[in-house]
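Engineer: Below is one structure. I have some questions about it.
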Amino acid sequence: MVATTNQKNYTLPIVMMVILFAMIAFVTNLAAPMGIVLKNQFGASNFEGMLGNFANFAAYLFMGIPAGKLIQKIGYKKTALLGIVVGFVGVGIQVLSGYAESFGVYVLGAFIAGFCMCILNTVVNPMLNTLGGGGNKGNQLIQTGGTLNSLCATIVPMLVGALVGDVSKANITNVYPVMYIAMAIFAVIFIVLYFVAIPEPYSTKEVKYERSPWVFRHFVLGAIAIGIYVGIEVGIPGTLILFLSDPNAGNVSAATAGFVGGTYWFLMLVGRFVGATIGSKISSKAMLTGASAIGFCLVMLAIFSPITSTISMPVLETNATGALSFGMVQVPINALYLVLCGLCTSVMWGGIFNLAVEGLGKYVAAASGIFMMMVCGGGIFPQIQNAIADATSYMTSYWVPALSLAYLFYYALIGSKNVNKDIPVD
């Protein structure tokens with residue numbers, strides 16, 4: 001390829017950004033399956049077992065808007081480098097929690113890692129779009145990053161389940177290989193990005209707003225919808241893993257529970273492929289309406305089906321020699337319904353975002369920072385769900401995602417209408 005003097009080859013930084021996109025899911029999705037480990041090692045309840053996940057997402061509440069301001073002040077590259085350092089430290093503290101055998105140290109590490117995920121989320125999407133030159137190419141790069149993001153989300157719970165094996169012997173040290181991999185990737189990406197030049201479009205541009213995105217009703221309801229959506233996305237598989245690995249409930253091995261949970265994320269990967277294919281033909285409103293309605297029905301089926309009814313599912317499992325192989329395992333039929341929800345949640349983020357920022361004009365940038373802050377819902381709603389699971393039962397706790405899906409259905413049909421078209425946005 002022959003490049004002109006005005007063109008640069010950004011292949012390497014593009015690859016690094018795509019890998020960072022994947023790492024966001026890699027580190028984030030480590031928190032929920034770690035609940036199995038925390039329950040065994042520290043005798044934690046379901047609520048306490050999800051505190052690592054809560055801490056990870058709670059960081060978004062504090063860092064969402066500051067991350068956007070950080071880009072304006074020091075640029076995309078330095079912000080990304082800072083995020084990588086924070087992520088390395090966060091995962092490192094989680095490693096230290098194994099040596100210290102400290103529940104509190106682990107939660108602290110998860111909280112710090114959450115700052116990293118928020119910073120990287122704020123950088124990666126616009127950076128990939130810019131490196132691709134915007135338009136279709138920029139969108140294609142974002143879709144590529146999203147695909148790898150889903151792939152890592154699929155793999156991590158499977159890795160944790162395979163490494164833990166026997167639930168009764170679960171320990172943070174069992175999961176060290178996953179943490180070491182994360183730290184190594186962070187270190188390599190930091191070194192590469194440090195020496196590679198990347199463009200810094202509009203990173204220092206000051207934008208003055210006469211008003212705030214909060215004056216738009218459909219945006220306010222959409223911001224709430226985003227927080228609720230992330231809670232659904234995380235709460236369904238996170239609680240499912242705890243349910244399946246509980247001897248008094250699903251009663252399967254940690255490995256099998258991890259692989260069944262990973263199947264949910266795999267279906268999200270499939271759903272994103274389908275969503276990208278039909279996205280130009282079906283509106284965001286129609287897609288979100290259909291996905292939330294189907295998801296609601298699946299969760300209701302899970303709630304009202306007896307856990308004594310079982311069904312065979314194809315999953316990776318450990319055989320008698322300890323090797324991994326594909327096989328059919330018997331799981332409560334509730335698990336199948338909940339895993340299928342991954343197809344529904346896969347298309348919700350884009351649909352909610354598009355509906356919520358419709359007609360916002362110059363306020364879109366500010367709205368994006370608020371959206372990132374609302375990702376904290378991924379920590380709040382699963383905590384509520386697992387508190388209910390402790391007080392009642394696992395399936396009863398799924399009324400939380402059921403009611404959440406009902407809200408998304410309302411938002412798609414009614415709440416997403418822009419009733420503030422009289423506000424200037426140019």
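The values are calculated or read from the model by the stated rules, or taken from the named source; none is laboratory data. If you're wondering where the values come from, they're calculated on a predicted model, not measured in any experiment. So basically every Cβ, Gly included, is an ideal-geometry build from the backbone, and we count neighbours across all protein chains shown. Calculation scope for accessible area: heavy atoms of the full protein, side chains included, ligands and nucleic acids excluded. Shrake-Rupley method; radii C 1.70, N 1.55, O 1.52, S 1.80 Å.
Engineer: Can you order the peptides 332-341, 415-424 by their average number of other Cβ atoms within 10 Å per residue, highest first?
Structural biologist: Numbers: 332-341: 23.7, 415-424: 13.4.
Those peptides, ordered most packed to least, come out 332-341, 415-424.
Engineer: In percent, how large is the relative contact order of the chain, given Cα pairs closer than 8 Å and 6 or more residues apart?
Structural biologist: Relative contact order, the chain: 24 percent.
Engineer: Which entries of K73/K421; K69/K285; K73/K417; K362/K417; K281/K417 have Cα-Cα distances beyond 23 Å here? Walk me through the intermediate numbers first.
Structural biologist: Numbers: K73/K421 32 Å; K69/K285 31 Å; K73/K417 35 Å; K362/K417 19 Å; K281/K417 20 Å.
Listed pairs above 23 Å: K73/K421; K69/K285; K73/K417.
Engineer: Next up: In nm, to one decimal, how far is the modelled label at L12 from the one at N171, with both set 7 Å along Cα→Cβ?
Structural biologist: Between L12 and N171, the label points sit 4.2 nm apart.
Engineer: Could you rank the peptides 16-29, 385-398 by their average count of other C-beta atoms within 10 Å per residue, with the highest value first?
Structural biologist: By packing density, highest mean first, the sequence is 16-29, 385-398.
Engineer: Here is a further query. In the calculated pair distance distribution of the chain, what percentage of Cα-Cα distances lie above 26 Å? Walk me through the numbers before you get to the answer.
Structural biologist: On the way: 48571 of 90525 pairs.
The answer is 54 percent, as a whole percent.
Engineer: Share of the chain's accessible area from carbon and sulfur, percent, 1.4 Å? Could you put the intermediate results ahead of the total?
Structural biologist: Values: 11750 of 17670 Å².
Roughly 66 percent, rounded to a whole number.
Engineer: Still on this model: Give me the log10 of I(q) over I(0) for the range 372-412 at q = 0.25 Å⁻¹, as the Debye formula computes it from C-alpha points; what are the numbers?
Structural biologist: -0.85
Engineer: Here's another thing I want to ask about it. Using a cut-off of under 11 Å, list every residue of the range 48-82 whose amide N is near the label point 7 Å from the Cα of W214 along the Cα-to-beta-carbon line.
Structural biologist: Once the point is set 7 Å along Cα→Cβ of W214, nothing inside the range 48-82 turns out to lie under 11 Å by backbone N.
Engineer: While we're on this one: Taking 0.36 nm per residue of separation and subtracting the Cα-Cα distance, what length does fully extending S309 through S283 add? Mind dumping the intermediate values first?
Structural biologist: Working: separation 26, 0.36 × 26 = 9.36 nm, distance 3.77 nm.
Stretched out fully, the S309 to S283 stretch lengthens by 5.6 nm.
Engineer: Applying the Karplus parametrisation 6.51 cos²θ - 1.76 cosθ + 1.60 with θ = phi - 60° to the phi angles of the range 372-378, what ³J(HN,Hα) value in whole Hz is obtained for each residue in order, glycine and proline being reported as x?
Structural biologist: So the Karplus estimates, Gly and Pro as x, are 5, 5, 6, 4, 4, x, x Hz.
Engineer: Something else about it: Quick check: net charge around T345, other residues with Cβ under 15 Å of its Cβ, Lys/Arg +1 and Asp/Glu -1? Could you put the intermediate results ahead of the total?
Structural biologist: Details: positive: R272; negative: E233.
Around T345, the charge tally is 0.
Engineer: Moving on. Provide the per residue accessible area, probe 1.4 Å, for the chain, rounded to a whole number of square angstrom.
Structural biologist: On the way: 17670 Å² over 426 residues.
Spelled out: the 1.4 Å probe surface of the chain, per residue, equals 41 Å².
Engineer: To the nearest 20 Debye, how big is the dipole of the chain about its Cα centre, given +1 on the beta carbon of each Lys and Arg and -1 on that of each Asp and Glu? The partial results should precede the final answer.
Structural biologist: Numbers: 18 positive and 13 negative charges, 233 e Å.
Value, rounded to 20: 1120 debye.
Engineer: Scan the chain and report its longest stretch carrying no GluC sites (Glu not before Pro) that are both in a DSSP loop and have at most 11 other Cβ atoms within 10 Å.
Structural biologist: On the way: sites that count: E206, E210.
Looking at the chain, 211-426 is the longest stretch - no exposed GluC sites (Glu not before Pro) with at most 11 other Cβ atoms within 10 Å.
Engineer: To test your reading of the geometry: what angle, between 0 and 90 degrees and rounded to tens, separates the Cα axis of helix 333-345 from the longest principal axis of the chain?
Structural biologist: Approximately 0 degrees, to the nearest ten.
Engineer: What is the spin-label model distance, in nm, from L403 to A187 if the labels are put 7 Å beyond Cα along the C-beta direction?
Structural biologist: Spacing of the two 7 Å Cα→Cβ label points: 4.7 nm.
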